[in-house]
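Notes to accompany the following structure.
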Amino acid sequence: MVNAFRWMIFVIGLAVVIGSIMVTSATLAEDHLILSIESPFSGEVVYSKMITVSGTAAAMGGDYIDCVTVNGFPAGRDTWSADILLQEGPNRITVVATTDIGNTATETITVSYKAQPYGIALYVDPTAKTVYVNDTATYILVVNKSGNINTLDLAVKGIGSLDKNSVTLDDDQVSLSITSTTIGSYVTTVTATSQDDHISAYVSVSTRVVTPDSAEIVQIDSNGSAIFRSEVIKNVIPKIQFFRGYFGYVAVNILLNSTAL
């Protein structure tokens, strides 16, 4: 009887120890992954449709951060950030950090976007151009501000430069110049921000840079529109068919007339 009681005490004690180890391991796994959202803060009301969500993530115990996502979009690793488009009203933003061994940490905040009766707008037409290497694509942006907004600060994300860094007049025009020494497709975003009212607007343009000997491109017109070889062929073939049909008709008539004679 005494031995049975001792075995019971041993089994209970062993179960308590194993349970403590499991709980401690889970706590350590969670503690070994730290995720922090530094901007914006939960509950914040913003007046810009696009915001940047940023923060830090850290893994302890020899692990490392494999990826951080914001609403499912990759945002980086240790120091991360992502631009998120908001809908009017409350927006739920979920950030997930994952380590190399699969441990995860999740943080969720809610940010509300409030559209203003006054605001900022950026317009550009066209929104895409094609230029040769070392040539310059120039876009004319029209900046419109309404209400009590005063000075707007302008910033460029991507390649390109502006002829001015701020706008004070309504419907002011700004020139954006883009030049590249290498071929490729480049997206440039211009943002106009009112520091006093904490609102902003942005517009993006796409510039394709090619070499003069690009096989598909025959010509680039003054508006930065590329004329492709396939388009030329498509336009020429109907004309060839027309002339071929016309001269065939003339030849048949000549033959018939000569036969009749």
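Each reported figure results from applying straightforward, stated rules to the coordinates on display, with no laboratory input. A quick note: this is a predicted structure, and the numbers were derived from the prediction, not measured. Glycine gets a Cβ as well: all are built from the backbone with ideal geometry, and neighbour counts include every protein chain shown.
Counting only other residues whose beta carbon sits under 10 Å from that of Ile65, what net charge do I get with K and R as +1, D and E as -1?
With Lys, Arg at +1 and Asp, Glu at -1, the net is -3.
Using a cut-off of 12 Å between beta-carbons, work out the net charge of the residues near Val205 (Lys and Arg +1, Asp and Glu -1, Val205 not included).
Charge balance near Val205 sits at +2.
Determine, from the Cβ-Cβ distance of Asp83 and Phe41 and an R0 of 25 Å, the FRET efficiency 1/(1 + (r/R0)^6), rounded to the nearest 0.05.
0.90
Please list 155-164, 95-104 highest first by mean number of surrounding beta-carbon atoms within 10 Å per residue.
Peptide ranking by packing, descending: 95-104, 155-164.
Taking H as built 1.01 Å from N, whose amide H comes closer than 5 Å to the amide H of Ser166, not counting residues under 5 places away?
Leu154
When the Kirkwood radius is taken over all Cα pairs of region 61-189, what Stokes-Einstein diffusion coefficient follows at 10 °C and 1.306 mPa s, in µm²/s?
87
Given a Förster distance of 41 Å, report the FRET efficiency between Ile101 and Val187 from their Cβ-Cβ distance, rounded to the nearest 0.05.
With R0 = 41 Å, the Cβ-Cβ based efficiency is 0.70.
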